[in-house]
Every structure is written in structure tokens, then in C-alpha cells.
Amino acid sequence: MKKISVIVPCYNEEESLPLFHKEVTKVLQDISDADYELLFINDGSKDRTIDIIKFLATKDPHISYFSFSRNFGKEAAMYAGLSHAEGDYCVIMDADLQHPPTLLKKMFYAVDKEGYDCCAGKRLDRTGEGKIRNFLSHSFYRVIQRLTHMDMSDGAGDFRMMSRQMVNAILEMKEYNRYMKGLFSFVGFETKWIEFHNIERVAGETKWTLKSLFSYACEGIFSFSTKPLMLSGMFGTFLLLISFVLAGYIGIDTLFLHHKFNGLLAITLLILVLSGIQMLFVSILGQYISKDYMENKNRPIYIIKESNKPCVS
Ligand code: UDP
Ligand code: MG
């Protein structure tokens, strides 16, 4: 019998977890031709999440848990879950029921019977999310699509069921700076998309702030595209051309037309613009160097403090 591993990253989800467990168990027990396991990854929660998971684990033998020594982020939690999953198929789900468990049946059918390597949920809308966040997310996905030429469309999240072969391909990529949406797209494989409408989280609050979304967006761009580095060359050439024109203009204006030129203002403006642009591109360069720096340290992606399974982190 095939086995489905359900991976659930949890950060401060004490309120959602009992509901999540009830709903997801109902659906999984209904899939008669597959066994299942639930892997809860407690990502350094500050509330009673780990107590709730332990309590659920005493009642349900399908549950395994891995509790991190601190908050390492959802990317690390997903990687830990995939690394410890035993199933023939792995599915990643949020603990807040924003990923409808009812889709699991369709997903299993697609990977087990229809021959797909992956079946992924695609969110059709962002109902219930703030307007600013909505706008920024749309813009980000437009930019990243252009920069990377990879399929990382808005709405295509981490909610997906993958074959063992695809999971192993993802686990092969042990990079420290992880951007799972990019990795899914990078490994390829045939994916079936199932569309669904956004649902508001069942309890608790989103962990994303505008600041964390911005750094996540930068992570995506700098991990999967080196095009921003080329921008500095293009800007540099452009500025050089402008400076030639300007030099020519100043020469003609003062030598032949004898006009008085407000040199001080022009130079101040020029210095401001040029140093601003230079600093911007130095910081882009710095982003890539810092990523390389972190990769070279070869630090673990996560550290497990406790688990009900024998494991190495
Ligand atoms: N999460 C996590 N570590 C974090 C932040 C979030 O494991 O540092 C989990 C969280 O518990 C949830 C999932 O990732 O199960 C998605 O988080 P959230 O609902 O806050 O994101 P949103 O749905 O608002 O994008
Ligand atoms: Mg959520």
C-alpha cells in the first residue's frame, strides 16, 4: 500500500492545530488505498504549539514531530519535513487550514493514478488579505517571472503533493538560502494544477510582516537570478553616455556660446545621483556575496531539539 506523508510547518499554531488534525485526518482516512503519516515541524514556536502536538501524538500513532531549537523559518521546516518523510508521496500543508484538506484526494489521484509527478494547489485570489500586500505580491511575481524565466506564478504556493522521485530531487539541493517555490520550478517534473479560492486562516495570525515579505522576495530574486548584477553594467554604460553628452554640451556652451553655467548646482546633482546609483549596485553585489558567504559556512539548515522519532538533524 502506498503511503502519503503530510508535512506541516508550525509556528505559533496552538489554536489551529486541533482543528487541522481533525479535518486532515477525516480526509486521509477516507483515502482507502493509501496509508499516511503526519509530520509536524515545530519551528521554535513561542506558544503551546509543542504541547498540543505532543498531546495529539499520544492519541494518534500516525503523528511524528520534530521540534526545532529556535525559529528557523518555514523554508527550513519544509526541508526538515521532506528529509524525514517516509512516504511514497509527500504533501506540504499550512497548519491554519488555508490549504483545503478536501483537495488531498484529488491530489493523490493525480500522482498515483494519472501519472503526474506533482499535483499543486493554485490559489485563485487573495481574499482576506490586505490591499497593499496583495498589490506588492502581484508586482513581485511579475518581476521574478521576468528575471528568472521560471514558472513562479502568483498563487502557486507550497501546497502540493509530490512523488518520491521529485522529493529526492529537491532534497539533493542542500543550499542554505532556500526558496522553495524556485526549487519546485527548478527541478521540473510534470505538475497538475488544481485551483482553489483563498480561505481565511482558521485561527491565530499570519506570521508575515511587510519587512519579512520584502526579505523573502529578495531571497527569491537573488537565489534564482543574476540579472540584477547585469543592471549595474547597463546603468554604468548609460551614465557614461550621458556624461559624454554633458561634457560636450558644457564644452560647446562655454567655449563657443560664452554662456554662464551654474556649475555648482550641476555638479552637486551629478554627485548625488551617481553616488546613489553606485551605492545601490554595491548593495546588489553585496547581496550575492553574502549569499555565497552563508553557503560557504555550510551551517545546518535547522537544528532539532526533540522528536518522537530517532533522528539526526
Ligand atoms: N510558519 C513556520 N515558520 C515561520 C512562519 C510560518 O513554520 O517562521 C508556518 C505557519 O505556522 C503556517 C505556514 O508556515 O503553518 C504558513 O504561515 P502563515 O499562515 O503565517 O503564512 P500565510 O498563509 O499568511 O502566507
Ligand atoms: Mg496562512
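Throughout, read-outs are computed from the coordinates displayed, never taken from laboratory work. Note that the coordinates shown come from a computational prediction; the quantities given were computed from them, not determined experimentally. Every residue, glycine among them, receives a Cβ derived from its backbone with ideal geometry; neighbour counts consider all protein chains shown.
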Filter on 46/192; 54/113; 46/131; 46/211; 22/174; 2/192 - keep pairs with C-alpha separation over 25 Å: 46/192; 54/113; 46/131; 22/174
Helix 16-30 sits off the longest principal axis of the Cα atoms of the chain, rounded to the nearest 10 on a 0 to 90 degree scale, by 60 degrees
Apply 1/(1 + (r/R0)^6) to the Cβ-Cβ distance of residue 212 and residue 267, taking R0 = 41 Å, and write down the FRET efficiency to the nearest 0.05. 0.50
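Where a ≥ b ≥ c are the square roots of the eigenvalues of the C-alpha gyration tensor, would you call segment 111-195 rounded, which needs a/c under 1.5, or, failing that, prolate if a/b is larger than b/c, or oblate? Walk me through the intermediate numbers first.
Details: a/c = 2.25, a/b = 1.44, b/c = 1.57.
It is oblate, given that a/c is not under 1.5 and a/b is not larger than b/c.
Mind putting a number on the dipole of segment 216-313 about its Cα centre? Charges go on the C-beta only, +1 for Lys and Arg and -1 for Asp and Glu, and I need it in Debye to the nearest 20.
280 debye
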How about residue 291: which aspartates and glutamates have a C-alpha closer than 12 Å to its C-alpha, ignoring those fewer than 8 places off in the same chain? 175, 219
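When only Cα pairs under 8 Å and 6 or more residues apart are kept, what is the percent relative contact order across segment 28-127? Don't skip to the answer; put the middle values down first.
Values: 75 pairs, mean separation 25.1, N = 100.
Relative contact order, segment 28-127: 25 percent.
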Just 47, 253, 94 to compare: in a GNM of the chain, with alpha carbon springs under 10 Å, which one fluctuates most? 253
Taking Cα atoms only, helix 49-59 is inclined relative to the longest principal axis of the chain by an angle, in degrees rounded to 10, of 20 degrees
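Using the crude model of +1 on Lys and Arg Cβ and -1 on Asp and Glu Cβ, and no other charge, please compute the dipole size for the chain relative to its Cα centre, in debye to 20. Display every interim value, and only then the final one.
Details: 36 positive and 36 negative charges, 128 e Å.
The calculated dipole for the chain is roughly 620 debye.
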Between residue 306 and residues 5 or more places away or on another chain, the pairs with built amide H atoms under 5 Å apart involve 67
Points 7 angstrom from Cα along the Cβ direction at residue 48 and residue 198: gap in nanometres? 3.1 nm
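Order 177-187, 280-290 from most to least packed using the mean count of other Cβ atoms within 10 Å.
Numbers: 177-187: 19.4, 280-290: 13.0.
Top to bottom by mean Cβ count within 10 Å: 177-187, 280-290.
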In degrees rounded to 10, the 0-90 angle between helix 210-224 Cα long axis and the longest Cα principal axis of the chain is 80 degrees
Rounded, prolate or oblate: pick one for segment 5-142, where a ≥ b ≥ c are the square roots of the eigenvalues of its C-alpha gyration tensor, a/c under 1.5 means rounded, and failing that, prolate if a/b is larger than b/c, else oblate. oblate
For a quick check, take a GNM of the chain with Cα springs below 10 Å and name the residue from 209, 191, 25 with the largest mean-square fluctuation. 209
Enter the Cα centre distance for the pair segment 19-50 and segment 136-197, rounded to the nearest angstrom. 23 Å
I want the local charge near residue 104. Using Cβ-Cβ distances under 12 Å, sum +1 for each Lys or Arg and -1 for each Asp or Glu among the other residues. +1
Using the charge dipole of the chain (Lys, Arg: +1 at Cβ; Asp, Glu: -1 at Cβ; taken about the Cα centre), state which of 270, 202, 109 has its Cα farthest towards the positive end. 270
Can you tell me the relative contact order of the chain? Whole percent, Cα pairs under 8 Å, sequence separation 6 or more. 22 percent
Can you work out the Karplus-derived ³J(HN,Hα) for every residue in segment 90-96? Use 6.51 cos²θ - 1.76 cosθ + 1.60 with θ = phi - 60°, whole Hz, and x for glycine or proline. 10, 10, 9, 9, 6, 7, 8
Determine the dipole magnitude for segment 1-113: charges of +1 sit on the beta-carbon of Lys and Arg, -1 on that of Asp and Glu, nothing else is charged, the reference point is the Cα centre, and the result goes in debye to the nearest 20. 60 debye
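Please arrange 299, 160, 133 by how many other C-beta atoms lie within 10 Å of their C-beta, fewest to most. It would help to have the intermediate numbers written out before the result.
On the way: 299 10, 160 25, 133 15.
Starting with the residue having the fewest Cβ neighbours, the order is 299, 133, 160.
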Short version: ³J(HN,Hα) in whole Hz for each residue of segment 78-89, in order, from phi by Karplus 6.51 cos²θ - 1.76 cosθ + 1.60 (θ = phi - 60°), x for Gly and Pro, what are they? 5, 5, 4, x, 5, 5, 9, 5, 9, x, 6, 10
